[in-house]
Amino acid sequence: MKIGFYPGCSLKGTSREYNESVQAICKALDVELVTIKDWNCCGATAAHSMNRALSLALPARVLALAEQQGMDEIVVPCASCYNRLSVTQYELANDENLKKEVVDAMGLPYEGKVRILNVIQMIEKYLLDVIPAKVTSKFEHAVACYYGCLLVRPHKILNFDRVEDPQSMDRIISLIGGTPIDWGFKTECCGAGLSVSRTDLVAKLSANIVKDAADRGAKAIIVACPMCHSNLDMRRPDINEVLDSPIDIPVLYITQAIGLAIGLSVEELGLQRHFVKVNL
Amino acid sequence: MSKIGVFVCHCGENIAATVDCEKVANTAAKFDGVEFATDYKYMCSDPGQNLIKNAIKEHHLDGVVVASCSPRMHEPTFRKACSEAGLNPFMCEVANIREHCSWVHEKGDATTQKAIDIVRGLVEKVSRDHPLESIHVPITKKALVIGGGIAGIQASLDIANAGHKVILIERDPSIGGHMSQLSETFPTLDCSQCILTPRMVEVAQHPNITLYTYAELEKLEGFIGNFKATIRLKAKSIDEDVCTGCGTCTTKCPTKKIPSEFNQGLGNRTAIYVPFPQAVPNKPVIDKDHCLHYQKGVCGLCEKVCPTHAIHFGQDDSFITEDVGAVVLATGFNVLNTDFFPEYGYGKYKDVITGLQFERLASASGPTSGEIRRPSDGKIPQKIVFIACAGSRDPAKGIPYCSKICCMYTAKHAMLYQHKVHDGESTVFYMDIRAAGKNYEEFVRRAIEEDGVNYVRGRVARVYEKDGKLIVKGVDTLLGAKPVEIEADMVVLATAGVANAGAEELAQKLHVSYDPYHFFAEAHPKLRPVETNTAGIYLAGACQAPKDIPDTVAAASGAAVKVAGLFSQPDLVREPIIAKVNRMPPPVFSTCVGCFMCETACPYNAIEREEIKDRRSGKVIKTIAKVNPGLCQGCGTCVSFCRSKSIDMQGFSNEEMFAEVQALLED
């Protein structure tokens, strides 16, 4: 099966292991990811806090390229890219004038018909039936599935999962033999883009998340967002400074958890790249 | 040749400022069939009406067109005047040259011309009008009240005290409704049951009221004044005439762990049960879904211990039919359960409860005998959080409306908690405090100022459990959106008031309209608040929208007055603006071919089937449609559906309407 693929900048940089694990499980499960040629940055937080037109034109160009290259569905693993692309599609679909302005600016035809899937949606749509047969070593760990802000909000636009109490990753974890724990921070903010400018705030917010997960017996935190991952993983020394006693539970992408269950190696999944060592 | 009078009203300056009324009258005077035309400053005034009356007599007019305001304003006035002068009132038409002309156009020739055109249309119509007679429909002077909560109780008592018979049906084993579940009532803190139970008893004892509990409306046929209700009496599995209500059966029943509906699941009941001690009637029913006899064919203990042999396992549901003249809907409301709220634990935390559950905890007849104890471990909560607007006023939750009662009962709950747990700490999270009502604002101030309830203006984003505590994360918007976190022992959600289960189905059964939230719709939100759009069916209480007890009782009395008003008339007079199937001499009888497309199109079930029989042999010659004049609302849908043009609207026939339209289109 072939499906369009938009990696976005994070997957080429700070979250290479997310890209590696997405690619690895797709290969193992017979999904061919076709990268959009000549893709550009979605604008991320920077564009949409500075310039509205730009924040729409950048994702619109990605969607227009996907259309041009004959893709009717694309996978967008980064939660932020997924959010920006989906919001752009929604806003352009609901405002003809805006659409015209953006189309004029980017100089590409744009229909807005491409279906945008995040990794969880891609797994739910195509891989739920395939995975169980491929599981070689059950992922028998109690884990906290952490969804963060961007995957589920704004619900009106994304229309993905239960906005206050999402369940999709929990279901996938159960499917590969894991035990998703019930906890209170599934959709709390990790601090997101303040990672660079206000690391102290990120440390405080992320500490709440890590602590609740650990207190409730989670042996790992499962994420599907590069930003969440870097805040919970890379910023762990800062987090541990805030906490009374350090916590060393690792943070895995959902794709890495699936990869482990279907017998892929640590290197194939990029698990060696994490700051908090993965000893599962 | 007809003799038509045209009377052009100036309506002070309302019409005369933009329309040349004198010119309209002079022009109309030259129309075919117009015998007399004049204009006057206020045609609706007594001299104006006299002008019309005198002209009718003097010129022997057989039709009148009054060019004035909308017929919705003064058509009855002018028709009455005509009738007093001896003209059939339906030979008077109103040409609307105010709302349709003078008010919406500038002064000028074109405006005057439009007024002339409108008048010409009505002149053409009235020359084709036929005298019509009002319809008289008999009235069955007995009311059906559906729902035995405070609304149904009040409506029943008021109708019964006005001297009319009432059938009151209630689907639960006892009347009393939600009010019987409440602890104290705002703003006076008087005990709910103490003020309610005397009325329940009065209902049971009233000679004019027939009470059927454990009963539901199966079907309603007929029309205002002449309904036929089929009522399902659910099998109680006891013989009520023999049962003394001694209660031996309920104490012996071995199935004791059924969550009690009356206690909102916070206590248990047996399979044969009386919902609460003051129930009316105070006789048990067997819950077949939980009874061992019905489920497994064993037990039968109640049958053995009953001293009067009142247990009848073999009983089936039975049906009765009642002729009634009016129906009062008083089916009440419900509140959302905690499982509607993922952010507050999706119903998985035992100590997150609804306001109605809190009522049971605070009630002396409740599972804790009135002590505030949390459901999980029975401990007295030292910190309690009340969340107002749980679901209400939240379009994202699909409930944009205000549930109206929550602000007040939340203040009451916090107050009751402080009265019972003196060292306890209570916090209310609210959006706005809506305390519009007599002594309501004072009541809320009392909770805050005298009882020390901590009111925080802000929403709660999440509630989760940690180490036996409920962590409530909210925000204080009056302190610059400062996040607030409270480790509470118990959380009470003022969950949104919603339509009662089965409301939509009932509305469809009765042909009563309802809103998107399944609350029954009133005929007019301001001027006809207790009537529905279906004549003869009235609304009382929270089945219409969330209402507190005073509003519910007021609405119930209002509905009762409407019923009593209807019953005070000898018969029902209705305008003859209804559809009619044409009839002709034999051998045609009617052009109706009996396709009954009209039957499927009629929203009021007014189309009946009439068999035309040979007089001698009694053989059916043809079956044609017949309009029930009591049911027909004159919407005209059947007319447009009729393929053979056999149905026409009286007063708005195709001929009349086409003549009017053609006249309008003439240059």
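The values are calculated or read from the model by the stated rules, or taken from the named source; none is laboratory data. Remember, it's a predicted structure, so these values are computed and weren't measured experimentally. Note: ideal-geometry Cβ built from the backbone for every residue, glycine included; neighbour counts use all protein chains shown.
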Next on the checklist: Considering only the range B:487-506, I want to know if a residue exists there that is without any contact (Cβ under 8 Å) to a residue 24 or more places away in the chain, part of a loop (DSSP other than H, G, I, E, B) and over 22 Å from B:Cys402 (Cα atoms).
Outcome noted: no
Item to check | Hits in the range A:47-68 (condition: polar (S, T, N, Q), under 24 Å from the mean Cα position of the chain (by Cα) and under 19 Å from A:Leu33 (Cβ atoms)) | outcome: none
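If you take the residues in the range B:167-195 that are of a type in the set (Gly, Ala, Ser) and outside any helix (DSSP H, G or I), which one is nearest to B:Glu218 (Cα to Cα)? If you could, list the steps in order and put the result at the bottom.
As a first pass, look at the range B:167-195 and keep what is of a type in the set (Gly, Ala, Ser): B:174, B:176-177, B:180, B:183, B:192.
This time we only want the ones that are outside any helix (DSSP H, G or I), so: B:174, B:176, B:183.
Working: B:Ser174: 19, B:Gly176: 22, B:Ser183: 33 Å.
The qualifying residue nearest to B:Glu218 (Cα to Cα) is B:Ser174.
Out of B:Ile448, B:Ile486, report the one residue that is crowded, with 21+ Cβ neighbours inside 10 Å and either on the phi > 0 side of the Ramachandran plot or not small (Gly, Ala, Ser) (or both). Full working, then the answer.
Working: B:Ile448 fails: crowded, with 21+ Cβ neighbours inside 10 Å.
On inspection, the qualifying residue turns out to be B:Ile486.
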Next on the checklist: Tell me yes or no: at least one residue of the range B:573-581 is within 24 Å of B:His164 (Cα to Cα), in a strand (DSSP E or B) and not assigned by TED's automatic domain parsing to the domain that holds B:Glu359.
Outcome noted: yes
Item to check | A:Gln272, sole failed condition from (1) modelled with pLDDT of 95 or more; (2) not in a helix (DSSP H, G or I) | outcome: (2)
Checklist entry - What number of residues in the range A:189-206 are within 24 Å of B:Lys469 (Cα to Cα) and free of Cβ contacts under 8 Å to residues at least 40 places away in the same chain? => result 3
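If only one of B:Phe340, B:Phe429 is within 14 Å of chain A (Cβ to nearest Cβ) and either crowded, with 23+ Cβ neighbours inside 10 Å or modelled with pLDDT under 95 (or both), which one is it?
Details: B:Phe429 fails: within 14 Å of chain A (Cβ to nearest Cβ).
Exactly one residue qualifies, and that residue is B:Phe340.
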Checklist outcome for this item: When (1) within 21 Å of B:Glu13 (Cβ to Cβ); (2) surrounded by 18 or more Cβ atoms within 10 Å (Cβ to Cβ) are applied to B:Pro47, the one that fails is (2)
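Would you pick out the residues in the range B:469-486 that are away from chain A (no Cβ under 12 Å) and either in contact with a Pro (Cβ under 8 Å, 6 or more places away or on another chain) or without any contact (Cβ under 8 Å) to a residue 60 or more places away in the chain (or both)? Working first, answer last.
To start, the set of residues in the range B:469-486 that are away from chain A (no Cβ under 12 Å) comprises B:474-482, B:484, B:486.
B:Gly474, B:Val475, B:Asp476, B:Thr477, B:Leu478, B:Leu479, B:Gly480, B:Ala481, B:Lys482, B:Val484 - these are the residues of the range B:469-486 that are away from chain A (no Cβ under 12 Å) and either in contact with a Pro (Cβ under 8 Å, 6 or more places away or on another chain) or without any contact (Cβ under 8 Å) to a residue 60 or more places away in the chain (or both).
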Item to check | Neighbours by Cβ (under 7 Å, 6+ apart or cross-chain): first from the range A:164-179, without any contact (Cβ under 8 Å) to a residue 60 or more places away in the chain and away from chain B (no Cβ under 14 Å); second surrounded by fewer than 22 Cβ atoms within 10 Å (Cβ to Cβ) and not in a loop (DSSP other than H, G, I, E, B) | outcome: A:Ser174/A:Pro180; A:Leu175/A:Ile131; A:Leu175/A:Pro132; A:Thr179/A:Ala142
Checklist entry - Any idea how many residues of the range B:363-397 are in contact with a Phe, Trp or Tyr (Cβ under 8 Å, 6 or more places away or on another chain) and of a type in the set (A, V, I, L, M)? => result 6
Item to check | Enumerated helices (runs of 4 or more DSSP H) restricted to the range A:1-80, each holding at least 3 residues that are buried (at least 16 other Cβ atoms within 10 Å of the Cβ), assigned by TED's automatic domain parsing to the domain that holds A:Leu92 and of a type in the set (A, V, I, L, M) | outcome: A:16-28, A:52-68
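Could you say which residue among B:Glu504, B:Glu522 is more than 9 Å from the chain's Cα centre (by Cα) and of a type outside the set (Ser, Thr, Tyr)? First the steps, then the outcome.
On the way: B:Glu522 fails: more than 9 Å from the chain's Cα centre (by Cα).
Of the residues listed, the single one that is more than 9 Å from the chain's Cα centre (by Cα) and of a type outside the set (Ser, Thr, Tyr) is B:Glu504.
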Checklist entry - Filtering the range A:146-160 down to residues that are buried (at least 20 other Cβ atoms within 10 Å of the Cβ) and touching a residue at least 40 places away in the same chain (Cβ under 8 Å), which residue is farthest from the other protein chains (Cβ to nearest Cβ)? => result A:Leu150
Checklist outcome for this item: Looking across the range B:645-667 at residues that are part of a loop (DSSP other than H, G, I, E, B) and under 38 Å from the mean Cα position of the chain (by Cα), the single one that is surrounded by the fewest Cβ atoms within 10 Å (Cβ to Cβ) is B:Lys645
Checklist entry - Would you pick out the residues in the range B:398-421 that are within 27 Å of the chain's Cα centre (by Cα) and more than 20 Å from B:Val472 (Cα to Cα)? => result B:Gly398, B:Ile399, B:Pro400, B:Tyr401, B:Cys402, B:Ser403, B:Lys404, B:Ile405, B:Met408, B:Tyr409
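Does B:Ser174 qualify as being in the same structural domain as B:Ile153 (by TED's automatic domain parsing), out of contact with any Gly (no Cβ under 7 Å at 6 or more places or on another chain) and under 22 Å from B:Val498 (Cβ atoms)? It would help to see each step written out before you state the result.
Details: in the same structural domain as B:Ile153 (by TED's automatic domain parsing): yes; out of contact with any Gly (no Cβ under 7 Å at 6 or more places or on another chain): yes; under 22 Å from B:Val498 (Cβ atoms): no.
No, not satisfied.
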Item to check | Residue list for the range B:383-434, restricted to those being assigned to a loop (DSSP other than H, G, I, E, B) and either free of Cβ contacts under 8 Å to residues at least 24 places away in the same chain or over 18 Å from B:Val335 (Cβ atoms) (or both) | outcome: B:Gly398, B:Pro400, B:Val421, B:His422, B:Asp423, B:Gly424, B:Asp432, B:Ile433
Next on the checklist: Which of the numbered conditions does A:Lys125 fail, given that it passes all the others? Conditions: (1) without any contact (Cβ under 8 Å) to a residue 24 or more places away in the chain; (2) within 14 Å of another protein chain (Cβ to nearest Cβ).
Outcome noted: (2)
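If we keep just the residues of the range A:198-215 that are of a type in the set (D, E, K, R) and within 14 Å of another protein chain (Cβ to nearest Cβ), which is surrounded by the most Cβ atoms within 10 Å (Cβ to Cβ)? Can you show your working first?
If we filter the range A:198-215 for residues that are of a type in the set (D, E, K, R), which is where we start, we get A:198, A:200, A:204, A:211-212, A:215.
If we keep only those that are within 14 Å of another protein chain (Cβ to nearest Cβ) too, we end up with A:204, A:211-212, A:215.
On the way: A:Lys204: 15, A:Lys211: 17, A:Asp212: 21, A:Asp215: 13.
Checking each candidate, the answer is A:Asp212.
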